[in-house]
Amino acid sequence: MTAPASPVRAPDQPASYATPPTSPARGLVATYMGITAIVLALLMVFGLLMRASQAGFITVPPNRFYQLLTAHGIGMVAIAGLGGAAVMWYFLSRYVALSHAILLANLIFFLAGVVLVLGSIFIGGFAAGWTFLFPLPAHSLGVWGTGAAACYLIGVLLVGVGFLLLYLDTGRAILRTYGSLPNALGWPQAFRGSTAPAPPEDAAWNAAVASSSASVRSVLVARNPSPTTAA
Ligand code: HEM
């Protein structure tokens with residue numbers, strides 16, 4: 001017996017938006033996903049090392065434990081953002097004209113930031129936790145130097161700037177297609193009885209707004225990690 005057809009149906013899309021990403025962008029999205037898979041596996045190993053140490057199976061010196069904790073925390077948060085951005089970009093690019101250059105720029109900012117963050121942790125000894133809450137980065141009691149803390153903050157700043165560019169471009173492309181925020185959110189369909197097909201980009205638009213503000217905030221915190229901005 002076949003299941004009854006679902007009453008929920010994706011709205012018809014304008015033909016001009018229904019094109020899948022071209023091959024260079026597909027390659028970039030695949031690169032994003034490949035990097036996400038590799039980094040995720042590495043960070044899971046860091047997590048398992050911490051758990052094994054907590055269980056007494058292995059001995060990880062305290063300084064090294066906090067380095068692993070910092071790398072695991074900031075890495076997991078950042079890589080979730082990278083993988084999520086790739087999936088969103090892949091599907092959203094079928095409906096609006098996103099910039100391939102910005103997608104590439106975000107990856108470059110991300111990788112540059114990761115090099116600085118990993119260098120600050122495993123070479124400079126920075127181990128203040130992924131939240132780097134003030135005053136810990138500035139007062140390490142000699143465990144790491146100012147240079148390592150600065151490297152970490154600049155690394156996080158670069159990652160934040162990359163995501164900011166990506167989500168500003170997302171907002172730009174959605175606005176260009178739909179003309180206004182209410183149109184992009186489908187408010188005419190929701191509140192004004194419009195029967196035009198609802199835009200499928202609601203989630204991406206929300207991601208663009210939320211992630212842009214989060215990126216701006218991360219930029220501000222990295223520039224001035226004082227109690228008032230870091231709280
Ligand atoms: C195999 C999978 C994972 C393992 C074994 C693991 C293990 C751990 C351990 C042992 C800690 C330290 C907890 C403590 O304070 O005692 C930790 C912290 C943390 N984990 Fe994971 N984890 C895993 C996956 C994830 C994922 C998928 C995310 C996020 C997407 C994540 C995000 C975090 C964060 C944000 C912290 C706090 C870091 C900090 O305090 O600076 N973890 N994890």
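The values are calculated or read from the model by the stated rules, or taken from the named source; none is laboratory data. Here the structure is a predicted model, which means the values were calculated and not measured. Cβ placement follows ideal geometry from the backbone for every residue including glycine, while neighbour counts extend to all protein chains displayed.
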message: Return the residues of region 73-90 that are β-branched (Val, Ile, Thr) and more than 8 Å from the ligand (Cβ to nearest atom); say none if nothing qualifies.
response: Val87
- request: Determine which single condition Pro20 fails, assuming it passes every other condition in (1) within 30 Å of Asn106 (Cα to Cα); (2) away from the ligand (no atom under 12 Å from the Cβ); (3) modelled with pLDDT of 95 or more.
  value: (3)
- line: Filter region 137-169 for residues that are buried (at least 19 other Cβ atoms within 10 Å of the Cβ) and farther than 18 Å from Leu116 by Cβ; the one that is farthest from the ligand (Cβ to nearest atom) is Asp169
query: Out of curiosity, is Gly155 at pLDDT below 95 and under 23 Å from Val39 (Cα atoms)?
result: no
task: Output the number of residues of region 111-130 satisfying the condition of being at pLDDT below 95 and within 15 Å of Leu157 (Cβ to Cβ).
output: 1
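To keep it simple, each residue is scored yes or no on (1) near the ligand (Cβ under 10 Å from one of its atoms); (2) among the hydrophobic types (A, V, I, L, M, F, W, C).
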| position | (1), (2) |
| --- | --- |
| Pro24 | no, no |
| Val29 | no, yes |
| Tyr32 | no, no |
| Val39 | no, yes |
| Leu49 | yes, yes |
| Asn63 | no, no |
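Test Gly56 against the stated conditions and say whether it is at pLDDT 95 or above, more than 8 Å from the ligand (Cβ to nearest atom) and in a helix (DSSP H, G or I).
no
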